[in-house]
Amino acid sequence: MKMEHKKLKSFPKDFLWGSASAAYQIEGAYREDGKGLSVWDQFVRIPGKTFKGTNGDVAVDHYHRYHEDVELMAKAGLKAYRFSIAWTRIFPNGNGEASAAGIKFYSDLIDDLIAHNIEPLVTIYHWDLPQALQDEYQGWESRQIIPDFVNYAKTLFENYGDRVKHWVTLNEQNVFIQHGYLMASHPPAVKDPKRMYAANHIANLANAAATKYFHEHFDGEIGPSFAYSPVYAVNADPENQLAADNAEQFNSYYWMDIYAYGHYPDAIRQWQEEQGIAPEITAEDAALLADPLARPDFMGLNYYQTATVQANPLADGIGLAPENTTGKKGTKQESGIPGLFKSATNDYLQTTDWDWNIDPVGLRIALRRINSRYHLPVLITENGLGAFDTLESSHEIHDDYRIHFLREHVKAIHEAISDGVQVVGYTTWSFTDLLSWLNGYQKRYGFVYVDRDEQDERELARYPKDSFYWYEQVIATNGEDL
Ligand code: BGP
């Protein structure tokens, strides 16, 4: 029986209805105006790493077409737009001399957004680490990245802090670290849990140091964006319930507890020590992580799906499996961590063509769990449906499946707000179609169709989908008319 409200509370008046993107996935122009190469510019060239070898060299050419994109955002009535800054446009080598052209590009974009009454929400780091820092000191594996990251963030605060009031530090640290150092499916393509936890700890320190610096010198709000998939047990068997708790701690609390409290969950620390893979934590590290000024002002939540798990006994336990990156439904494999948990099918949920569970109630649960564990406001920084779309000869796109998906998720947010969770905004993934890191261009998320595919860039023309007009109506009525 669902907890029903007799009457739902209204969305806050200043609710940030918007959409989100990331530099590498939209900009293209990967070598223009002095931009340095990022680890993604290199990684995509390794055969077999991305779907059909796709890359972001051109992406959807937002670098040259940003004004057209901003005009479309204004037409949809967006109140906010979350985008990321390419570190390599600001510092082509990651540190050293800043690039005036790079600083100007984002300054112009921010001005354009503000001129259209769209609030810019800026992600400082969405995975495109300067290759120069990877080469110089192995990127996130060296403590040298901490001052470089803080200096990069500081440069952004100094140049844009007069106009940007919401900052996201690291996008989905759990994703880029686990894919980068455990599954080898993101750069630097390593499979080594010890190196993973060491790099992750350094990323935590960089995040805390930048957050602290911001709080000491600037006004506004800052927080991480975390990819949170609440976990369910497959059934009431206590062994499976324990597996669900393991998964929740291992996949989520391990990161969110650091952000909100500055310490790692004990159960995971113990497990790491047993395995000899615990990161080294100095007294200075502990002090920085526990510093009240290093606390986020909000928890950024990227929500796509829930996970359902069962026990995974150590003896012949199931290990991590690659994801479905083809869009062939039903090709996802069982995946897990021996001794902790493994995936299970949830018979109550439907899935996307990429085998992601569709679970709007899970979003309400995610919001409530964050609220009760961390007592922080939540900014939903991503949520959306990756799907195949069809461009009709009339240039229309009838994406009723996306409208249905988003409508149910907005309803879930509405219910969570009525449960008492403070939700400050909702930036869907994504505004225009864009490059999916590992899934090419065929996995589309946008309100605006971009006419290109894996093989052919065509004209990169933009066409609003049916969901564009639906979202326009949602925003115009502040979430009342769904
Ligand atoms: C998140 C990332 C986004 C985006 C989204 C959709 O993890 O922050 O950058 O890509 O997921 O994922 P995908 O492109 O794999 O479908």
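The values are calculated or read from the model by the stated rules, or taken from the named source; none is laboratory data. Since this is a predicted model, take the numbers as computed values, not measurements. Reconstructed Cβ throughout: ideal geometry from the backbone, glycine too, with neighbour counts over all protein chains shown. Ligands, DNA and RNA are stripped out before the accessible areas are found, and what is left, the full protein with its side chains, is counted by its heavy atoms. Shrake-Rupley method; radii C 1.70, N 1.55, O 1.52, S 1.80 Å.
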Other residues with Cβ under 15 Å from the Cβ of N200 give, with Lys and Arg +1 and Asp and Glu -1, a net charge of -1
Per-residue HN-Hα couplings for region 142-151, Karplus 6.51 cos²θ - 1.76 cosθ + 1.60 at θ = phi - 60°, whole Hz, x for Gly and Pro?
-> 10, 5, 4, 6, 4, x, 5, 5, 5, 5
Rg and Dmax of region 419-482, Cα atoms only, in Å = 14.8, 48
Farthest positive-ward along the chain dipole, Cα basis, beta-carbon charges - from Y137, W429, P292 | P292
Probe 1.4 Å - accessible area at L37, Å² to nearest ten = 50
For q = 0.12, 0.13 Å⁻¹, what log10 I(q)/I(0) does the chain give under the Debye formula with an equal point scatterer on each alpha carbon and no solvent?
-> -1.10, -1.33
So, for the Cα atoms of region 245-340, Rg and Dmax in Å stand at 16.6, 49
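If contacts are Cα pairs under 8 angstrom and at least 6 residues apart, what is the relative contact order of the chain in percent? The partial results should precede the final answer.
Numbers: 1002 pairs, mean separation 80.0, N = 482.
Relative contact order comes out at 17 percent.
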How much accessible surface area, in Å² rounded to 10, belongs to the heavy atoms of K52 with a 1.4 Å probe?
-> 140
How high is the relative contact order of region 182-290, in percent, with contacts defined as C-alpha pairs under 8 Å that are six or more residues apart?
-> 30
Radius of gyration and maximum dimension Dmax of region 145-197, Cα, Å | 14.6, 42
Quote the accessible area belonging to D111 in square angstrom, nearest 10, computed with a 1.4 Å probe and with ligands, DNA and RNA left uncounted.
-> 70
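Could you please report the charge total around A22, scoring K, R as +1 and D, E as -1 over all other residues with beta-carbon less than 12 angstrom from its beta-carbon?
Numbers: positive: R82; negative: E27, D128, E172, E382.
Counting the neighbours of A22, the net charge comes to -3.
What is the magnitude of the charge dipole of the chain about its Cα centre, with +1 placed on the Cβ of each Lys and Arg, -1 on the Cβ of each Asp and Glu, and no other charges, expressed in debye to the nearest 20?
Working: 43 positive and 68 negative charges, 124 e Å.
For the chain, the charge dipole is close to 600 debye.
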For A22, residues with placed amide H under 5 Å, excluding near neighbours = S84
Which longest run of the chain has no exposed loop site in it, a site being GluC sites (Glu not before Pro) in a DSSP loop with at most 10 other beta carbons within 10 Å, and the site itself not part of the run?
-> 98-279
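Just how large is the dipole of region 329-435 about the Cα centre, in debye to the nearest 20, putting +1 at every Lys and Arg Cβ and -1 at every Asp and Glu Cβ? Can you show the working numbers first?
On the way: 10 positive and 15 negative charges, 137 e Å.
For this selection, approximately 660 debye.
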Along region 274-291, what does the Karplus equation 6.51 cos²θ - 1.76 cosθ + 1.60 (θ = phi - 60°) give for ³J(HN,Hα), rounded to whole Hz, x for Gly and Pro?
-> 4, 8, x, 10, 6, x, 7, 10, 7, 4, 5, 4, 4, 5, 5, 4, 8, 5
